[in-house]
Amino acid sequence: MNVKITDKDKISVTNPDELYEIMRRILLRDNKIDREKEHFWMIGLNMANIILYIELVSMGSVKSTQVEPMNVFRVAVLKGATSVIALHNHPSGSLTPSEEDKDATDRLIQVGRILDIKLTDHLIITTEKYMSFLNTGLMAQLEKSLKYVPPYLIEQRIVEIRKKQEQELKKEKQKTDKLKETTKTLKIEIEQRLETAVINLLKQKMTIEQIATVLNLSPKEVEKISKKTSK
């Protein structure tokens, strides 16, 4: 069931607070919503994160609601949404996600990946407050889950991870090689400058000991440079 939204609600969503305020108004204003039962909505967004639609996809009991991923993404595909946000209410007032909530989110993430429609967040709401899977870090955890990933995608993901690791190692090696080359160049430049300085000071009839003091070198080092430049 499509939820009617006003032009004022068709905003660019930048944080969960904005979305919660919209859904809170809908929850309070709509007499057709039985607030004693769980309802599951999907919010579709375009590339600019502007709300395209709000769809009530499932209505359940006091404790739970069943969600079919294909029903969830059907409207998203039809309306050209590039990302979606899941949202459901907890009549009990608790904002703690159940294992079923996490499981449903996990499945939606994987189906969204297949359809190239990203599930960016999942909100649990009451008339007073909300909880965001994104803000609490649950989305990041579930995005790493392999529970509902098809075997061929797991293999593909492993290949991608290995490829990424190889690229990172290659970049690290390039940095190390560049650093070694820079160090080598700098060492040669310092040696050349010392040689020039020793030659100039010798021309001024300074002794080995005096040159060593000026250049902060040992007499042996100055003597070695002197012999090298005199060849």
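The values are calculated or read from the model by the stated rules, or taken from the named source; none is laboratory data. Here the structure is a predicted model, which means the values were calculated and not measured. Don't worry about glycine lacking a Cβ; one is built from the backbone with ideal geometry, like all the others, and counts go over all protein chains shown.
Considering only residues in the stretch 40-50 that are in a strand (DSSP E or B) and out of contact with any Leu (no Cβ under 6 Å at 6 or more places or on another chain), the one that is nearest to Leu108 (Cα to Cα) turns out to be Met42. In the stretch 21-30 there is at least one residue that is crowded, with 16+ Cβ neighbours inside 10 Å and either under 22 Å from Gly137 (Cα atoms) or modelled with pLDDT of 85 or more (or both).
Just for the stretch 124-140: of the residues that are within 14 Å of Lys102 (Cβ to Cβ) and touching a strand residue (DSSP E or B) at 6+ places or on another chain (Cβ under 7 Å), which one is surrounded by the most Cβ atoms within 10 Å (Cβ to Cβ)? Spell out how you get there, then give the answer.
Start the filter on the stretch 124-140 by keeping residues that are within 14 Å of Lys102 (Cβ to Cβ), which leaves 124, 131-134, 136-140.
Right, trim to touching a strand residue (DSSP E or B) at 6+ places or on another chain (Cβ under 7 Å) and you get 124, 131-134, 139.
Numbers: Ile124: 21, Met131: 20, Ser132: 22, Phe133: 25, Leu134: 16, Met139: 17.
The qualifying residue surrounded by the most Cβ atoms within 10 Å (Cβ to Cβ) is Phe133.
Would you say Ile54 is out of contact with any Gly (no Cβ under 9 Å at 6 or more places or on another chain), modelled with pLDDT of 90 or more and not polar (S, T, N, Q)?
Values: out of contact with any Gly (no Cβ under 9 Å at 6 or more places or on another chain): no; modelled with pLDDT of 90 or more: yes; not polar (S, T, N, Q): yes.
Against the criterion (out of contact with any Gly (no Cβ under 9 Å at 6 or more places or on another chain), modelled with pLDDT of 90 or more and not polar (S, T, N, Q)), Ile54 does not qualify.
Of all the numbered requirements in (1) over 22 Å from Leu56 (Cα atoms); (2) assigned by TED's automatic domain parsing to the domain that holds Ile50, Leu179 misses one, and that requirement is (2). Screening the candidates Leu153, Leu186, Leu194, Leu179 for the property of being within 52 Å of the chain's Cα centre (by Cα) and closer than 30 Å to Leu87 by Cα yields one hit, Leu153.
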